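Engineer: Sharing a structure, written as structure tokens. Questions coming.
Throughout, read-outs are computed from the coordinates displayed, never taken from laboratory work. None of these values were measured; they are calculated from a predicted model. Cβ placement follows ideal geometry from the backbone for every residue including glycine, while neighbour counts extend to all protein chains displayed.
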Amino acid sequence: MQKVKAAVCHEFGLPLVIEEIQLAPPGQGQLEVTLHAVAICHSDISYADGAWGGPLPAVYGHEAAGTVSATGPGVSGFSTGDRVVVTLIRSCGTCPSCASGKPVICETPAPADGPLRTAGGGPLVQAMDCGAFAEKVVVDQRQIVKLPDAIPMEAAALLSCGVITGVGAVVNAAALRAGEDVVVIGAGGVGLNAIQGARIAGARRIVAVDMVAEKLEAAKEFGATHGVLATQDRPWKAARKALGGRGADAVMITVGAIPAYDTAPLYLAPGGRAVMIGMPHTGAQSQYEPVILAALGQGLIGSKMGDAVIQRDIPWMADLYQQGRLKLDELISGRWRLDEINAAIADTRAGSARRNVILFDS
Ligand SMILES: [Zn+2]
Ligand SMILES: [Zn+2]
């Protein structure tokens, strides 16, 4: 076991503690990745707040990029020195979900015995099979994807969650066809990516809906054709007007706030589908009127991690970035050191940040 520095959650709702932890060497099919960058995602904050429960102490962090620094037995296609994106999408490849092309909902549980221990040898949870708020991670080879040399690590880190979730939800979950109309509820990190996903997929009009006027301006930089303030009375009326009255073929719900789920079907055109992407807290309930969905042939779809197949989707997204057709640098609002992580989390929590990225000295 080697020692690495990590930000550890000992108690929900309290600041993370920077401390040394023990990291096991990579086992069968696993690799060790020395991280260069990890972004802070709202999911990390929800976990650290206890929104979804789970055992403690734990190391969160799951939007990472780095360099392969050791390989375990049975690893093929990767070697030391490879630059990679590290994701939380651990898939077995053989369960019914994996076999039908949906590795994000793999049904095979991860081994109970993760690679992390506290400095004293006590149990320590590798949250989301990643534990990337640490200098190094040990993950399964199916969780990583090789990067082109030219792509900066801080931009690459964003590909592993926020970007594939937003772009993938439009391309994979909503299966948007060129010429369709899209409403994106929430213009935060995932929302901006849903917007650029809709632009890349050839949407006719893209309406961003948010509570904050400045976020609507940012949305336009990413491809929104119209912005609607969610604070107004019945904002779906303004969105429908922006779309010419018919409603949206796809409504992407990228926030966790329940009113967004309750009202999302009201933005839909006949035959439209609302895609649930944001992650409300456990136990939160939403209401909708089934007869309208039935009568108008509308649907509600749940989408985790953009239904991404990372080995397929991350390379094309990296390529679009290199062509200037997918914005990544513009998603970064702040750069921090690991020992500043609580301040970075507070900044993300304040809502102004797109993505705050922790950069490691390497
Ligand atoms: Zn995330
Ligand atoms: Zn599986």
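Engineer: Which order do peptides 140-150, 245-255 fall in by mean Cβ count within 10 Å, highest first?
Structural biologist: 245-255, 140-150
Engineer: Classify region 175-302 as rounded, prolate or oblate, taking a ≥ b ≥ c as the square roots of the eigenvalues of its Cα gyration tensor: rounded when a/c is under 1.5, otherwise prolate if a/b is larger than b/c and oblate if not.
Structural biologist: The shape class here is rounded.
Engineer: Helix-derived [θ] at 222 nm for the chain: sum -39500 (n - 2.57) over DSSP H runs of at least 4, divide by residue count, nearest 500?
Structural biologist: -6500 deg cm²/dmol
Engineer: Along Cα→Cβ, 7 Å out, is where each label goes; now give me the distance between the ones at Leu14 and Asp339 in nm to one decimal.
Structural biologist: 2.1 nm
Engineer: Continuing with the same structure: Once you place label points 7 Å from the Cα toward the Cβ at His281 and Asp319, how far apart are they in nm?
Structural biologist: Label at His281, label at Asp319, 4.3 nm between them.
Engineer: With unit charges on the beta carbons (Lys and Arg positive, Asp and Glu negative) and the dipole taken about the Cα centre of region 96-238, which residue among Ile144, Cys130, Trp236 sits farthest to the positive side?
Structural biologist: Positive-most Cα among the choices belongs to Trp236.
Engineer: For region 32-86 and region 212-283, what is the centre-to-centre distance using only Cα atoms, to the nearest Å?
Structural biologist: Each part's Cα centre sits 31 Å from the other's.
Engineer: Relative contact order (percent) for region 175-302, with alpha-carbon contacts under 8 angstrom and 6 or more residues of separation?
Structural biologist: 22 percent
Engineer: Less than 17 Å from a label point 7 Å out along the Cα-to-Cβ axis of Ala119: which backbone N atoms in region 1-19 qualify, by residue?
Structural biologist: 1-11, 16-19
Engineer: Show me, for region 64-79, the HN-Hα J-couplings you get by feeding each phi into the Karplus relation (A = 6.51, B = -1.76, C = 1.60, θ = phi - 60°), rounded to Hz, glycine and proline as x.
Structural biologist: 10, 9, x, 10, 4, 10, 6, 10, x, x, x, 8, 10, x, 10, 9
Engineer: Can you return the lysines within cross-link range of Lys146? Criterion is Cα-Cα under 29 Å, with same-chain partners fewer than 8 residues away left out.
Structural biologist: Hits, sequence-local ones excluded: Lys3, Lys5, Lys102, Lys136, Lys304, Lys327.
Engineer: Sticking with this structure for a sec: So what's the net charge close to Ala119: Lys and Arg +1, Asp and Glu -1, counting the other residues with Cβ under 10 Å from its Cβ? Display every interim value, and only then the final one.
Structural biologist: Values: positive: Lys3, Arg117; negative: Glu19, Glu20.
Once positives and negatives cancel, what remains is 0.
Engineer: Can you compute the charge dipole magnitude of region 175-302 about its Cα centre, using +1 on each Lys and Arg Cβ and -1 on each Asp and Glu Cβ, nothing else charged? Give it in debye, rounded to the nearest 20.
Structural biologist: 340 debye
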